[in-house]
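Encoded as structure tokens, the structure appears first; notes follow it.
The values are calculated or read from the model by the stated rules, or taken from the named source; none is laboratory data. If you're wondering where the values come from, they're calculated on a predicted model, not measured in any experiment. Note that each Cβ is placed from the backbone with ideal geometry, even for glycine, and that neighbours are counted across all protein chains shown. Just the protein is used for accessible areas: all its heavy atoms, side chains included, with ligands, DNA and RNA removed. Shrake-Rupley method; radii C 1.70, N 1.55, O 1.52, S 1.80 Å.
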Amino acid sequence: MRTLAVVTHKGQEFIEVTAAVTEVVRGSGIQEGICHLFVPHTTAAVTLNENCDPDVVLDLVAILDRLVPSRGDYRHAEGNSDAHAKASLIGTATSIPVSLGTLQLGTWQGIWFCEFDGPRNRRLCVQVIGR
Amino acid sequence: MRTLAVVTHKGQEFIEVTAAVTEVVRGSGIQEGICHLFVPHTTAAVTLNENCDPDVVLDLVAILDRLVPSRGDYRHAEGNSDAHAKASLIGTATSIPVSLGTLQLGTWQGIWFCEFDGPRNRRLCVQVIGR
Amino acid sequence: MRTLAVVTHKGQEFIEVTAAVTEVVRGSGIQEGICHLFVPHTTAAVTLNENCDPDVVLDLVAILDRLVPSRGDYRHAEGNSDAHAKASLIGTATSIPVSLGTLQLGTWQGIWFCEFDGPRNRRLCVQVIGR
């Protein structure tokens, strides 16, 4: 398992980590298997989505914030219940096939670390399993 | 890794792929392990849900479309930001236990390919890992 | 694969299962790998989120219920379409790294079984793969 550091700069933002994850896969030497991504936080997540037009992830941030507003009638005293909900809606884990030693991402897919309660110093765990 | 072709016919629809995935698991010869499903697209997803009453997935399409309307104040010029958001909300990967050579789906569970920006020719990657 | 029994007591609630899953990981003897969690139901899910302040998951239940109300203009005659939608939004599977024989949960993360149409007797499948 490799742990990548992800530094976020805003309250809510998607940060692309495709290149760093690709590097871990390459370094693992694994040819056929799965790359497992895991976020060890409760107000952040990981997702795959378009990395060509940067407007796509800006829209995602805005859509999520409309679905679960930062201010609401929440119980949790820290005031970041929206961030916890967004983390569970997007999810803290995903996985990607590895074949011929390469991440089998679709043409338009990039890997995004999703910050919902930043800015913070975050971590992303990357495991490559297979042979 | 096997790649299944999925042809979608509507803008938004859930297409059941349980039989095709079951066939891949059977063909793999793996008795104990995990079946990993991966969608290499940014406006489609994969989920498990009821496959008995077809109204369930029709309701899911309608609920998602109410949550993230097709028309909205979005930046992304292609006009399918809702589809990108739905893909990240449902997710592009899931996995199912395999035991005794069989997918360990629950009684009511089927595997659904989720189209959010069709119709298109899509792909679903299936990996069976284990022994 | 181990199957844990989860008894739910309310219509909608999050029940923490971290201790039971930790026990399965310990019993597996696996030192390095992945713990895969799977819910074989269509109106329940599994997620990771804060297990320190119990208000967080109460907020999550309320946020999800505001997003997908129990009563709505749904087709499915059983009247639990909201529960099916919540199951697909949160997801029926997740996975957690295992290293040095221990689940690599973040400081604030707990594992939650999410009931959306209880009370019921439920199951959670736990697989630990690796070496």
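Every listed requirement among (1) outside any helix (DSSP H, G or I); (2) more than 7 Å from every other protein chain (Cβ to nearest Cβ); (3) over 29 Å from A:ASN121 (Cβ atoms) is met by C:GLN31 save one, (3). Just one of the numbered conditions (1) open to solvent by 10 Å² or more (accessible area, probe 1.4 Å); (2) free of Cβ contacts under 8 Å to residues at least 40 places away in the same chain is not true of B:ASP59: (1).
What about C:ARG131, is it among the basic types (Lys, Arg), surrounded by fewer than 23 Cβ atoms within 10 Å (Cβ to Cβ) and more than 9 Å from chain B (Cβ to nearest Cβ)? Against the criterion (among the basic types (Lys, Arg), surrounded by fewer than 23 Cβ atoms within 10 Å (Cβ to Cβ) and more than 9 Å from chain B (Cβ to nearest Cβ)), C:ARG131 qualifies. Taking the listed residues B:GLY27, B:GLY101, the one that is out of contact with any Pro (no Cβ under 8 Å at 6 or more places or on another chain) and closer than 20 Å to B:VAL6 by Cα is B:GLY27, with no other qualifying.
Please work out if B:GLU50 is of a type in the set (D, E, K, R), more than 30 Å from C:GLY72 (Cβ to Cβ) and facing another protein chain (nearest Cβ under 8 Å). It is false that B:GLU50 is of a type in the set (D, E, K, R), more than 30 Å from C:GLY72 (Cβ to Cβ) and facing another protein chain (nearest Cβ under 8 Å). Would it be correct to say that A:ASP65 is in contact with a helix residue (DSSP H, G or I) (Cβ under 8 Å, 6 or more places away or on another chain), open to solvent by 10 Å² or more (accessible area, probe 1.4 Å) and over 30 Å from C:CYS35 (Cβ atoms)? For A:ASP65, the condition - in contact with a helix residue (DSSP H, G or I) (Cβ under 8 Å, 6 or more places away or on another chain), open to solvent by 10 Å² or more (accessible area, probe 1.4 Å) and over 30 Å from C:CYS35 (Cβ atoms) - is met.
Take C:ARG71 and tell me if it is modelled with pLDDT of 95 or more and surrounded by fewer than 20 Cβ atoms within 10 Å (Cβ to Cβ). Give the derivation first.
Details: modelled with pLDDT of 95 or more: no; surrounded by fewer than 20 Cβ atoms within 10 Å (Cβ to Cβ): yes.
No: the conditions fail for C:ARG71.
Residues that are over 23 Å from A:THR47 (Cα atoms): find the strands (runs of 3 or more DSSP E) completely inside the stretch B:52-131 holding 3 or more of those. Please lay out each step first, then the result.
Values: elements: B:93-99, B:109-115, B:121-130.
The strands (runs of 3 or more DSSP E) meeting that bar number zero.
Criterion applied to B:ILE34, B:ILE15, B:ILE30 was being in contact with a Phe, Trp or Tyr (Cβ under 8 Å, 6 or more places away or on another chain) and more than 19 Å from A:ILE111 (Cα to Cα), and the one residue passing it is B:ILE15.
For the stretch B:1-41, a residue qualifies if it is of a type in the set (Asp, Glu), within 22 Å of B:LEU60 (Cα to Cα) and open to solvent by 50 Å² or more (accessible area, probe 1.4 Å), and exactly one does: B:GLU16. Within the stretch A:53-72, the set of residues being charged (D, E, K, R) and facing another protein chain (nearest Cβ under 8 Å) comprises A:ASP53, A:ASP55, A:ASP59.
Quick check on A:ALA45: is it at pLDDT 95 or above and surrounded by fewer than 22 Cβ atoms within 10 Å (Cβ to Cβ)? So A:ALA45 does not fit the description; no. Would you confirm whether or not the stretch B:104-122 contains a residue that is open to solvent by 10 Å² or more (accessible area, probe 1.4 Å), among the small types (Gly, Ala, Ser) and either in contact (Cβ under 8 Å) with a residue 60 or more places away in the chain or under 26 Å from C:SER95 (Cβ atoms) (or both)? The answer is yes; a qualifying residue exists.
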